[in-house]
Amino acid sequence: VYTNPIKSADIKVQNAGGVITLHNVTSVKKLEQIRTEFVSNVTHELKTPLTSIRGFVETLKDGAIEDTAVAIKFLDIIDIEAERLYHLINDILQLSEIEIMRNDEHVSPNSLNLIVDDVVQLLEASANKKNIKLEVNIETDILICINKYRIKQMLINLIDNAIKYNVENGAVFITASKSKGTTTISVKDTGIGIPQIHHSRIFERFYRVDKGRSRNMGGTGLGLSIVKHIINLYNGDISVISEPGKGTEFIIRLPL
Ligand code: ADP
């Protein structure tokens, strides 16, 4: 075992056994930096709704409660902020759960068609509110050996975004096909689109193209990051095609 005092990073060499473990100081530092940034982002994201809740409670206690109409408005805001906190905590927990998970590819085959039907049913009500059509087109029965809760979560996040960032009377097209050992899933919308300069960053934790819009829609800034983590877990990949004002398409490729 050799410890390099200059780099102050552990370099373990067990030559006799043929195992060499090198910890590069730059990657260790980078990981530390990512973790610190994440904690500071989480703190900020949790504090924002909490500060708002405390502010409105204070104002109510100071007398606003006497005016029923104002009180109801403030209570509604408190309710929305509390819900935001709930979603945020849920997403943070999910993300850390996926991070420590291993590829559980030994799960029994699940029908992608049934999973998509489930998700569409779940999100139909929010699509109806904006009169958005959810169109599914899966060419054949597709079986995937992936934990069905993970694939469901991934589809919920993508389709939920496709509704959130869509226009009134818009549409969301969900298609899937398989060929040569790969399942391809596409979620395409007719929404506001994403400018090219943001494409490479939208999968980062807490990255939002438009902070205000995301918050107004109840977004946590973690949805796509969760999607990306799930896809990485199964050695798949995701790409985005999008143009402002025209819509967005996310394409996922997963090994069968
Ligand atoms: P959020 O909770 O803010 O929606 P996500 O991680 O799901 O966070 O997405 C990151 C950002 O990417 C969003 O804030 C939004 O700006 C953009 N985005 C994601 N999906 C879409 C979409 N279908 N259409 C337009 N913009 C999108």
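Within the stretch 137-190, restricting attention to residues that are among the acidic types (Asp, Glu) and open to solvent by 60 Å² or more (accessible area, probe 1.4 Å), the residue that is farthest from the ligand (Cβ to nearest atom) is 141. Pick from the stretch 214-256 the residues that are surrounded by fewer than 16 Cβ atoms within 10 Å (Cβ to Cβ) and in a helix (DSSP H, G or I): which of them is nearest to the chain's Cα centre (by Cα)? This residue is 232.
Of everything listed in (1) more than 20 Å from residue 176 (Cα to Cα); (2) more than 8 Å from the ligand (Cβ to nearest atom); (3) in contact with a Ser or Thr (Cβ under 8 Å, 6 or more places away or on another chain), the single unmet condition for residue 197 is (3). Quick one: would you say residue 202 is open to solvent by less than 50 Å² (accessible area, probe 1.4 Å), near the ligand (Cβ under 6 Å from one of its atoms), in contact with a strand residue (DSSP E or B) (Cβ under 8 Å, 6 or more places away or on another chain) and not in a helix (DSSP H, G or I)? Yes. Can you spot a residue in the stretch 205-222 that is in contact (Cβ under 8 Å) with a residue 60 or more places away in the chain, within 29 Å of residue 96 (Cβ to Cβ), in contact with a helix residue (DSSP H, G or I) (Cβ under 6 Å, 6 or more places away or on another chain) and away from the ligand (no atom under 11 Å from the Cβ)? For the stretch 205-222, residues in contact (Cβ under 8 Å) with a residue 60 or more places away in the chain, within 29 Å of residue 96 (Cβ to Cβ), in contact with a helix residue (DSSP H, G or I) (Cβ under 6 Å, 6 or more places away or on another chain) and away from the ligand (no atom under 11 Å from the Cβ): absent. Residue pairs whose Cβ atoms lie under 8 Å apart, separated by 6 or more positions or on different chains, with the first residue in the stretch 85-100 and under 18 Å from residue 151 (Cβ atoms) and the second small (Gly, Ala, Ser), are 91/223; 95/225.
The values are calculated or read from the model by the stated rules, or taken from the named source; none is laboratory data. Keep in mind it's a predicted model, so treat the numbers as computed, not measured. All Cβ positions, glycine included, derive from the backbone under ideal geometry; neighbour counts span all protein chains shown. Accessible surface is based on the protein model in full, side chains and every heavy atom, while ligands, DNA and RNA are left aside. Shrake-Rupley method; radii C 1.70, N 1.55, O 1.52, S 1.80 Å.
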